[in-house]
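Right, one structure below, let's go through it.
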Number of protein chains: 2
Amino acid sequence: MIRPACLAMLVSAGLGIAALPFALPAAAATSAPADQVAAEAAPVLVSAAQWRQMAQNGSRYPLFAHEQARAAEALRKAMAAGVVVPPPKDPGGGYSHEQHKRNYQAIHGAGALYRLTGERAYADYARDMLLAYAELYPTLGKHPAGRGQVPGRLFWQSLNDSVWLVHASQGYDAIRDTLSAAERRRIDEQVFRRMARFLSEQTPDSFNRIHNHATWAVAAVGMTGYVLRDQDMVDKALLGLSKDGKAGFLKQIDDLFSPDGYYEEGPYYQRYALAPFVIFANAIERNEPQRRIFAHKDGVLLKAVDTLVQSSYGGYFFPINDAILDKGLDTEELVAGIAVAYAQSGDAALLSIAERQRRTLLSPEGLQVAEALAAGRAKPFAFRPAMLRDGPDGDRGGLAILRAGGEDGQTLVMKNTSQGMGHGHFDKLNWLFYDNGQRVVTDYGAARFLNVEAKAGGIYLPENSSWAKQTVAHNTLAVNEQSHFGGDWKLGQRHAPAPLLFAVTGDLQIASARMQGAYDGVVFTRTLALLEHPELGLPVAIDLLRVQGSKPARYDLPLHFNGHIINVGFDAQRALATRPVLGKANGYQHLWVDASSEPSSEPRTLSWLLDGRFYSYRFGSSAPSRAILAESGANDPDFNLRREQALIQRVDGQPEVSFFAVLEPHGEYNGTAEYVRGASSRIRALHRVRGDDAEAIVLTLASGASVALAIADDPAPERRHRIAIGGKTRQWTGGYARFDMPAGEQASSGTENRTP
Amino acid sequence: MIRPACLAMLVSAGLGIAALPFALPAAAATSAPADQVAAEAAPVLVSAAQWRQMAQNGSRYPLFAHEQARAAEALRKAMAAGVVVPPPKDPGGGYSHEQHKRNYQAIHGAGALYRLTGERAYADYARDMLLAYAELYPTLGKHPAGRGQVPGRLFWQSLNDSVWLVHASQGYDAIRDTLSAAERRRIDEQVFRRMARFLSEQTPDSFNRIHNHATWAVAAVGMTGYVLRDQDMVDKALLGLSKDGKAGFLKQIDDLFSPDGYYEEGPYYQRYALAPFVIFANAIERNEPQRRIFAHKDGVLLKAVDTLVQSSYGGYFFPINDAILDKGLDTEELVAGIAVAYAQSGDAALLSIAERQRRTLLSPEGLQVAEALAAGRAKPFAFRPAMLRDGPDGDRGGLAILRAGGEDGQTLVMKNTSQGMGHGHFDKLNWLFYDNGQRVVTDYGAARFLNVEAKAGGIYLPENSSWAKQTVAHNTLAVNEQSHFGGDWKLGQRHAPAPLLFAVTGDLQIASARMQGAYDGVVFTRTLALLEHPELGLPVAIDLLRVQGSKPARYDLPLHFNGHIINVGFDAQRALATRPVLGKANGYQHLWVDASSEPSSEPRTLSWLLDGRFYSYRFGSSAPSRAILAESGANDPDFNLRREQALIQRVDGQPEVSFFAVLEPHGEYNGTAEYVRGASSRIRALHRVRGDDAEAIVLTLASGASVALAIADDPAPERRHRIAIGGKTRQWTGGYARFDMPAGEQASSGTENRTP
C-alpha cells in the first residue's frame, strides 16, 4: 500500500494521475474547485467525502476495481466516438434510441470516473455532452416514433426519458462543481429542469400513476430536485403533484409492494421497478435521513430485494405475467438492489448474489459490497419455501413457492396472486415446476423480442395478447375456451384468489387456493404439493384441481411441458399428415393438434426426457376426459412464437369435475457414459377418493405401498374429517393430511372408491 | 512423502493397508502370490512392475488420484450389491443389459484397485463374479432379445459381448495370479476361452468383417489371447481367422482409417471404434513390441486420436452420419485414446483435452498423463482448418474443416467423404456451420435414444431410416424428391466425391468438391468458403452449388437452421391454420410446410436469432426458385423426431441451376443489459456472375464496396480464367480468386451480369 502522504509526494513530483490505476484524486483536481464553488454545486447524491473514500480504497477490492475498469473501458469507447447527440427518430432498438442510452450511461460513468480518478477529461466530456443536450432538448416535441405508451422527447416512450434522467442526474451531480456558473445554469435549466418538468407537470397522469413507469418518473424528478436544490420538485416526487400523498413515491411503495415485498406485476417488473425504488430511496436517505425511507412500511424496500431473489430459479426470475425468459439475477437493476440493500441490512447472504452477478455499483454501497466480499464475508443465499402475499395489505392472494433439494432441486410455483394490472396474465392458480436446473412445467412468459426492431420495433408482439396472456397458454383451468375474466384485466383486478393452505413440513409441502369470479358461476379450488417418500428417488408434485360449476361446460386443463416425449401412455388419434388447429380464439387458434384421445375416466400417463432426467406425468379426472397433445405456433404469420408442447385434459358437458395428477422426476439418461437408470416410473397407479367433505389422491408405489394426500373442502384448522381409503376410514383434523400405507393395506381394497 | 521403507514399517506394525489411501501394495499381498504362481499367471496387459509404479506414485497426481477414488466409489457400490449375474433377458437399457455392463466395469475396476491398493477383497470380488459367469456362460444360447445385429450371449448383440470381454479381460489379467490353479482353469476355460471362441470361430463372418463391431471382437479375442497365453488366438485377432491378413486387426487399421486418420464411418463411430483400436494396440505394444503397432501405416492410430479431436466443436463431435448429438470429447473411449496417444507421442496439446475430460485411465499411460498435467505441461489444443482425406489410400473424398476465430469461432464443415457404410447418410457435399459456440446450420444426426427402452429398446428408430439418413434431412441437393443413390448405401459405397479445392489463407478459406453418381445424369459441384472482410464484423460463409443435369428436374436445396426466425425477407403463402406435409417419401413425408413462395430469380433473405447473435442468410439461384419454410415432425406417430426448421430452395423443370448464398453472423442481442447492436445485415446485395468457364459470387456491402469470389469450373492451378464483374474484366490463374472492389467500382455497373 502506498499511504496517502506518499502518493501526494508522487503527484507533486509530477507523476500524472493517469499513470496510476485507480489513484486518489489529486488535490489539484478536486480540492481546488471545491474551494471555489458555492455549496449549491457540491455533489449531493454521493458526497464529496464518500467519493474520496471510494477513490482511496476502491482499488483494494477486486469487485469494485473490476467495475471501475469496466466503466473506464466503456467510457473510453464513448469518448473515442466523441459527443454524439442525434435528433430523436427511432423506436426501441433503433440507432437514435441506442445512442441516447449510451449517452446517459456515458454521463453517469464520466461523473463517477472523474470523482474516482480526478481526471478532468471525464468531467469535461460529461459537460460537453450535457451542453449538446442543452442545445437539442429545448427544440424537441413529441418523439416521432412515439406510440402505445406515453411518447417521450428523447425516446419513443417517456419511460425511457425518465431512465435517462435517473442516470444523467447522478453523473451531473458528480461534475456539477467543475462547471462555470454559466455552464451550470445552462445545463440546470435547459436540460434537467426542462426534463423534470416534462416528466411531472407536463405529463401529470403519467407522473401520478401507481405504476412502474411512474416510479421511474418520480425517481428522475426527485433526484433532479436534490441536484438542483429544488425541494418543491423533491416533494412532488415523494407525495405527488398535489403534494397530498395520494400519489408519488411513498404512495407507490405503499400500494405496489405487499407487506412481503411482492410487487403486484410480478418478478419481471419487480426487477425493472426495483432500480428507481432503491436508487431514489438511497438518494432520499442521503439527503433527508429523517424520513427513514428504508424503514417505511416496515422496511418493505429491503424485503423486496430479498423477495425478488427468492422469485428465481437457476438464476432466472419466475416468468409469470409479461416476462422475458432471459431476465434473472444478473440484471443491472438487481445489481443496484443488492448493493443498496446490503449497505442497509448487512445481510451476508446478499453478498453471494453480488458474487454471482460479478457486478456492483460505483457508489459507497458498491464499495461496502466489494469490501465485504474481499473479506470473505459472503454466505450462501437460502432459497426457501415461501408464501409471498400479494396486495398492499397482503390480502390479495399471493405467490406460493415450494422448494426441495436446494437451489437446483425441485421448485413448484403456484400463482395465486392478483391480476397484476395490464401486464398480468389470465392464469389464476397457474403453476410452474422446475427440477434439475430446468424448466419442466413452463410458463410462456411474454411474446416479445426486447429492442429487436424487426420484431414490431421491440415492443410486445400481437401474439402477446392473442397467446401469451391467454388462459390456455398456462397450466390452469379454461372454461368453454374462454380466458379468465373474459380477457379483461380491469375486471381481473377486482378478483383475487383466496389462499386456503400453505404448509411446509419435512416430507410434504402444500399450497392451496380457491378462485371465484374468473368465470361466471364457476368456482375452482386447487391444491399443489411436493411430496417426498423413501421409495421415490425425488419429490413428486401432486395436483388436485376441483371445479364446481353451475351448469355443464367444457373444462380444459393444459400442462405446458418441456422435454422430448418418450412415451404416450394412452391411445390417441394422431394428426400425422395434416395438422389442424385446436380452436378459433383466446389462444386456441395458436395450438396445433398432434393427438387426441377418446374420452375416458381411466388415469393416463405421459413421459418425457429433459436434460438427462425422465418425467412421468400420471393424470386423471373424476368425469370422462380427452387427452390432447398440442403445440404452439399456429396462426403465427410472422414466426413470433416459440413452438412448445402442451397436454390438455378436456372434460365436456359436466358441471363439476376434479382433475388430479402426479408429476414424477426419475432416473437418468447419461449420453456420455452411455447408461440409463430408473427410466420407469416408480408409481404404479394413481386414484382419487371422494368423501363427504374431502377428497384424497392416492399413489400406489412399485412395492405396493401407497401414500395418500387428503384435502378437506374447508381448510379450517380445527375441523375434523374422515374419508375411506383402501377400505379403511381415515380421520384427521385440519385442511389436509397425509397417510402412508404399507403394501398389503391399500393394494387389497383400494380401487372401489375411485370416483364419487 | 512417506518413503517405501517407512511404509513397510507401518504395515509390519499392523496398520491395515485399507487405512492408507492409495497406499503401496503390501509385500504380503502381491509379492507372496507372485513368488508362488507360475509365469503363466502374472499380469501381461499391464506388468506387475507397472502396477507397482502406479501404486507408488498415483496418489501424487490429482487426476490419477481422482480417477482411482472414482473407481473405488463405483466399486464400493457394486460390492455392496454383491455378485449379481442375472440370466440375459433384456435389450439395451433393460435391467439384465445394464447389470452385465456394471459387472464388466466392476471386474475391470476390481482388478485395477486390487493392484493399486493390495486389498485382497477386490481380487476376491472379481474372482467370485467371474466364477458366477463360469456357471452361467456355458448354459447360454442366443440372447432372447437378439435382433437386428448379430445376437450375443450375454447381451442382445454380440458387439456388447465383445465390449464385456475387452474390459473383463483387463480385470482378470490383474487378479489372475491370486487364484488357485483350479479357479484359474475354470475361469480361463468356462468364461474367457468360451467367449473368445464364440466371438471368433463361432461367428466368423462377424469376426472377419472390416467394421467397428469386428474391431471390438478382435480386440476382445486378442487381449484374451495374451491373458491366456494363447498365441493362436492373438494371431487370429491380428490377421483374421485364416491368419492370412485379409481380415483382423491390421487389415482393419489399413482399411478403416485414411492416411489422415479419418475413420470411414465418421467421428461418432470413430469415437466408438477408437477404444478397441488403442486399447488392443497398447496390449500388442506391451506384449509384442517388435510389431511396432503404433508405427503401422505411418502411425495412423495416433493420427486418428488427433483427427477425432479436430472433428469436434464446442466439445461435441460433428454429428455426421448416424451420430447422437451429445457425444463429444468427454467420452470414455477418447479418455483411453488421449492417454494411449500421449504416452506414445508426448504431444502436450493432448493434455489439455485430458484436462477437459477430467478423466484418465488407471494404467501406466494414465499415470503419465496425470503426471504431466500435475507438472503443468499442458498446451492448448490447436483446432485448425484441415482437410481429412477419406478412404484407405486417402482418395475417397474427405472431410473439409474451415475454422476462424478460435475454438468458439466460426467452423464450417463440408462433408465430401465417401458413404461410410451402413451408418452413412445420403448427404454428399453436405455442410454444417458453427458459430459463437452454437450449431447454426445443423445436421440432425441419428434418430435414436440410446439405451432408452421405451424408444424401440434403444436402437435406431424407424425415423432414422425414413428421416435422418435421407438427403432432404441434410443441407445438400435432392433431385426429384429422391435421396442420393436412391437410398442404397451399397451403391453409395461405390461413388466418392472428387475434391477440387482446399485452401486456407488469411482472409479466405475455401473447399470445393464435385459429385457424380449420386443421381443418374446429374453432376453437382459445390464450393464453400469462409470469407473475412474489414467491413464485416465476423467471417461469412459463402456457398455456390452448381448442378448440371441431363434433363429438366426438380432440384431442392435445404438449409436446416437453428434459431428463432426474426425476419422472412420474401413474400410467401403461409400455412397458418392447417399444416400440410411436403411430400410422400424419402424424408419429405416428415416435413410440415409453414410457408411457400412463388418462383423467382431474385435473391431473398431470411434472418434468425440464436443465443444472442443474429444470422442473415441471403440466397438466390440462376433459375427461378421457390422458398419453402418447413419443420420436421410430420408422420411421426411415436414422437420420435425433434422438431427443427428448414428453408428449402426449390427449382422446377430445369436441367441446370446454380444455387448461391451467403450466411452472415452479426450483431448482438443482450437480454441482461437490454441492448441490441448490429441487428441489420451489413451486406446490401448478393449476385452471381457467370463467365465462360467460371462463376463469381459478388457481395455488395453497406458502404457500397464489394467483394467477389470467383470459382473456375476447372480447378487446375495453372489455368487462366477471366470473368466480367462490375463492368470490368477480372483475370486470374487457378481454381479460384478473390476480388475486392471499392465503393464506386462495383455499384455503378454490377447488375447487368446477374445470370448467364
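A few comments on the model shown:
- Scanning the stretch B:188-215 for residues that are within 30 Å of B:T178 (Cβ to Cβ), touching an Asp or Glu at 6+ places or on another chain (Cβ under 9 Å) and not basic (K, R) returns B:Q190, B:M195, B:A196, B:F198, B:L199.
- In the stretch B:670-693, residue farthest from the other protein chains (Cβ to nearest Cβ) [restricted to those that are β-branched (V, I, T) and closer than 26 Å to B:I725 by Cα]: B:V689
- Criterion (out of contact with any Pro (no Cβ under 7 Å at 6 or more places or on another chain) and outside any loop (DSSP other than H, G, I, E, B)) met by exactly one of A:V413, A:V452: A:V413
- Every test in (1) surrounded by fewer than 24 Cβ atoms within 10 Å (Cβ to Cβ); (2) touching a helix residue (DSSP H, G or I) at 6+ places or on another chain (Cβ under 9 Å); (3) within 14 Å of chain A (Cβ to nearest Cβ) is passed by B:F317 save one, and that test is (1).
- For the stretch B:595-645, the set of residues classified as within 12 Å of chain A (Cβ to nearest Cβ), charged (D, E, K, R) and assigned to a loop (DSSP other than H, G, I, E, B) consists of B:D611, B:D636, B:D638, B:R642, B:R643, B:E644, listed by residue number.
- Condition met for A:A705 (within 28 Å of A:T525 (Cα to Cα), modelled with pLDDT of 95 or more and outside the structural domain of A:F614 (by TED's automatic domain parsing)): no
- If you go through the stretch B:312-336 and keep only what is over 19 Å from B:F449 (Cα atoms) and out of contact with any Lys or Arg (no Cβ under 9 Å at 6 or more places or on another chain), you end up with B:S312, B:A336.
- Just one of (1) surrounded by 20 or more Cβ atoms within 10 Å (Cβ to Cβ); (2) under 30 Å from A:R209 (Cβ atoms) fails for A:L179. It is (2).
- Remark: pairs (first residue in the stretch A:196-224, outside the structural domain of A:A237 (by TED's automatic domain parsing); second residue in a loop (DSSP other than H, G, I, E, B); Cβ separation under 8 Å; 6+ apart in sequence or on different chains) are absent.
- Matching strands (runs of 3 or more DSSP E) fully within the stretch B:520-591 where at least 3 residues are of a type in the set (G, A, S): B:540-561
For (1) in contact with a Leu (Cβ under 9 Å, 6 or more places away or on another chain); (2) among the aromatic types (F, W, Y), each residue gets a yes or a no:
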{"residue": "B:R650", "(1), (2)": "yes, no"}
{"residue": "B:F659", "(1), (2)": "yes, yes"}
{"residue": "B:N670", "(1), (2)": "no, no"}
{"residue": "B:E674", "(1), (2)": "yes, no"}
{"residue": "B:S681", "(1), (2)": "no, no"}
{"residue": "B:R684", "(1), (2)": "yes, no"}
{"residue": "B:D692", "(1), (2)": "no, no"}
{"residue": "B:S706", "(1), (2)": "yes, no"}
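Let's see how each residue does on (1) within 23 Å of A:N430 (Cα to Cα); (2) small (G, A, S); (3) more than 9 Å from chain B (Cβ to nearest Cβ); (4) touching a strand residue (DSSP E or B) at 6+ places or on another chain (Cβ under 6 Å):
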| position | (1), (2), (3), (4) |
| --- | --- |
| A:L559 | yes, no, yes, yes |
| A:I566 | no, no, no, yes |
| A:L576 | no, no, no, no |
| A:G583 | yes, yes, yes, no |
| A:G587 | yes, yes, yes, no |
| A:V593 | yes, no, yes, yes |
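- Test result for B:A447, touching a residue at least 12 places away in the same chain (Cβ under 8 Å), within 14 Å of another protein chain (Cβ to nearest Cβ) and either on the phi < 0 side of the Ramachandran plot or among the acidic types (D, E) (or both): yes
- Within the stretch A:363-391, being in contact (Cβ under 8 Å) with a residue 24 or more places away in the chain, out of contact with any Lys or Arg (no Cβ under 9 Å at 6 or more places or on another chain) and not in a helix (DSSP H, G or I) holds for A:S363, A:R377, A:A378, A:K379, A:P380, A:A382, A:M387, A:L388, A:G391.
- The set of residues in the stretch A:446-471 that are buried (at least 20 other Cβ atoms within 10 Å of the Cβ) and among the polar types (S, T, N, Q) comprises A:N451, A:N464, A:S466, A:Q470, A:T471.
- Exclusive hit being under 27 Å from the mean Cα position of the chain (by Cα) and at pLDDT below 95, set A:I542, A:I459: A:I459
- Any hit, the stretch B:511-527, residues being charged (D, E, K, R) and either over 30 Å from B:R389 (Cα atoms) or within 12 Å of chain A (Cβ to nearest Cβ) (or both): no
- Odd one out for A:A673 among (1) crowded, with 20+ Cβ neighbours inside 10 Å; (2) not in a strand (DSSP E or B): (1)
- Pairs are defined by a Cβ separation below 6 Å, a sequence spacing of at least 6 or placement on different chains, a first member in the stretch A:322-346 that is within 14 Å of another protein chain (Cβ to nearest Cβ) and closer than 27 Å to A:A295 by Cα, and a second member that is assigned to a loop (DSSP other than H, G, I, E, B) and polar (S, T, N, Q); the pairs so defined are A:D330/B:T672; A:T331/B:T672.
- Scanning the stretch B:142-153 turns up no residue that is among the polar types (S, T, N, Q), under 26 Å from B:L362 (Cα atoms) and out of contact with any Phe, Trp or Tyr (no Cβ under 6 Å at 6 or more places or on another chain).
- Some residue of the stretch A:145-157 being among the basic types (K, R), over 22 Å from A:A49 (Cα atoms) and crowded, with 19+ Cβ neighbours inside 10 Å: yes
- Hey, A:G299 at positive phi, of a type outside the set (K, R), within 21 Å of the chain's Cα centre (by Cα) and within 14 Å of chain B (Cβ to nearest Cβ) or not: no
- Residue match in the stretch B:467-485 (condition: within 14 Å of chain A (Cβ to nearest Cβ), closer than 22 Å to B:G420 by Cα, in contact with a strand residue (DSSP E or B) (Cβ under 9 Å, 6 or more places away or on another chain) and assigned to a helix (DSSP H, G or I)): yes
- Across the stretch B:629-662, the number of residues qualifying as among the aliphatic types (A, V, I, L, M), under 22 Å from B:A585 (Cα atoms) and more than 31 Å from the chain's Cα centre (by Cα) comes to 1.
- The one condition from (1) touching a Phe, Trp or Tyr at 6+ places or on another chain (Cβ under 6 Å); (2) farther than 30 Å from A:E333 by Cβ that B:S681 does not meet is (1).
- Boolean, B:Q654 is outside any loop (DSSP other than H, G, I, E, B), surrounded by fewer than 20 Cβ atoms within 10 Å (Cβ to Cβ), of a type in the set (S, T, N, Q) and assigned by TED's automatic domain parsing to the domain that holds B:L432: yes
The values are calculated or read from the model by the stated rules, or taken from the named source; none is laboratory data. Predicted model, so just to flag it, every value in this text is computed and none were measured. Backbone-built Cβ (ideal geometry, glycine too); neighbour counts: all protein chains shown.
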